[in-house]
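All remarks here apply to the structure that follows.
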Amino acid sequence: LANVASCVLLLSLSWRTSEALPVPAPSPGTGGQCADFYKMLLLNISKALDSIYLSDGIQSEKIEMRNTGETVLACAPTLTQNLGCVTQRNSSFSETECLKNIKKDLLYYHEAIASYLTGPLKNGPEEIRLLSPIVEITKNLTEVCLSCNFFFKIETSRLQGEISYNNRLEMNKMMKGFHIRAITINRAIGYISSGDHRK
């Protein structure tokens, strides 16, 4: 009888220690439909870059990254170092700063691609078919998912005038840079959604 009582006590103690803590709600702009928008953004950029229509006649491997904004630095995960018996955390991660920089990037690319689509296009219908979904997704992300009190005036360099190799070359380089940035953004959103930075 004493053995049964000690087993019941042991089971009840282990049950209590294994109770789960509540899962924190996702940060605004990172969960649910917004998470799907970030994934769709990356897939649509990849699809556009795989198409012959954006690289028609372009033999360049150059990449142009948006150099204003500090998304890569602002969204770097918090590092935890195990130093023997002491755990040290780099607590410089700011969710607000990360999301603010993501919004700046998305606004920049939204404006640049929308501007490109208003000009003359070599492969008009195909370029519109490939780039319009990206414009729509960036609009949803900036207006719905990241609407929270981040207001910016974004300056983009408009691509100029006539159907030209230079316009397509600049768009091609910019889209390659946007692809890399979209990967960074998806990783940052995954990190924020995981809640690891709050632990």
- Task: Answer yes or no: is there a residue in the stretch 26-43 that is exposed (fewer than 12 other Cβ atoms within 10 Å of the Cβ) and modelled with pLDDT under 75.
- Result: no
- Message: Between Tyr165, Tyr116, which is over 28 Å from Glu97 (Cα atoms), under 23 Å from the mean Cα position of the chain (by Cα) and either open to solvent by less than 30 Å² (accessible area, probe 1.4 Å) or modelled with pLDDT under 95 (or both)?
- Response: Tyr116
- Across the stretch 171-183, which residue is farthest from Asn123 (Cα to Cα) among those that are open to solvent by less than 40 Å² (accessible area, probe 1.4 Å) and not basic (Lys, Arg)? Ala182
- Message: Can you pull out every residue in the stretch 48-69 that is at pLDDT 85 or above and surrounded by fewer than 14 Cβ atoms within 10 Å (Cβ to Cβ)?
- Response: Asp50, Ile52
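Can you tell me which residues in the stretch 119-135 are within 23 Å of Leu42 (Cβ to Cβ), without any contact (Cβ under 8 Å) to a residue 40 or more places away in the chain and open to solvent by 40 Å² or more (accessible area, probe 1.4 Å)?
Our first condition is that a residue be within 23 Å of Leu42 (Cβ to Cβ); within the stretch 119-135, this holds for 123, 126-135.
Okay, now just the ones that are also without any contact (Cβ under 8 Å) to a residue 40 or more places away in the chain, so 128-129, 132, 135.
The answer is Ile128, Arg129, Ser132.
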- Item | Number of the condition not met by Asn3 [criteria: (1) within 34 Å of the chain's Cα centre (by Cα); (2) at negative phi; (3) modelled with pLDDT of 50 or more] | (1)
- Query: Only one of (1) under 28 Å from Gln33 (Cβ atoms); (2) in contact with a helix residue (DSSP H, G or I) (Cβ under 7 Å, 6 or more places away or on another chain); (3) modelled with pLDDT under 85; (4) of a type outside the set (Asp, Glu) fails for Leu159. Which number is that?
  - Reply: (1)
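Residue by residue, here is whether (1) modelled with pLDDT under 90; (2) farther than 22 Å from Glu136 by Cα; (3) surrounded by fewer than 15 Cβ atoms within 10 Å (Cβ to Cβ) holds:
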| position | (1), (2), (3) |
| --- | --- |
| Thr71 | yes, no, no |
| Ala74 | yes, yes, no |
| Leu79 | yes, yes, yes |
| Arg89 | yes, yes, yes |
| Phe93 | yes, yes, no |
| Asn101 | no, no, no |
| His110 | no, no, no |
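The values are calculated or read from the model by the stated rules, or taken from the named source; none is laboratory data. Owing to the predicted nature of the structure, the values given are computational and were not obtained by experimental measurement. Counting neighbours? That spans all protein chains shown, and the Cβs are built from the backbone with ideal geometry, glycine included. Heads up: the accessible areas ignore ligands, DNA and RNA and are worked out on the full protein's heavy atoms, side chains in. Shrake-Rupley method; radii C 1.70, N 1.55, O 1.52, S 1.80 Å.
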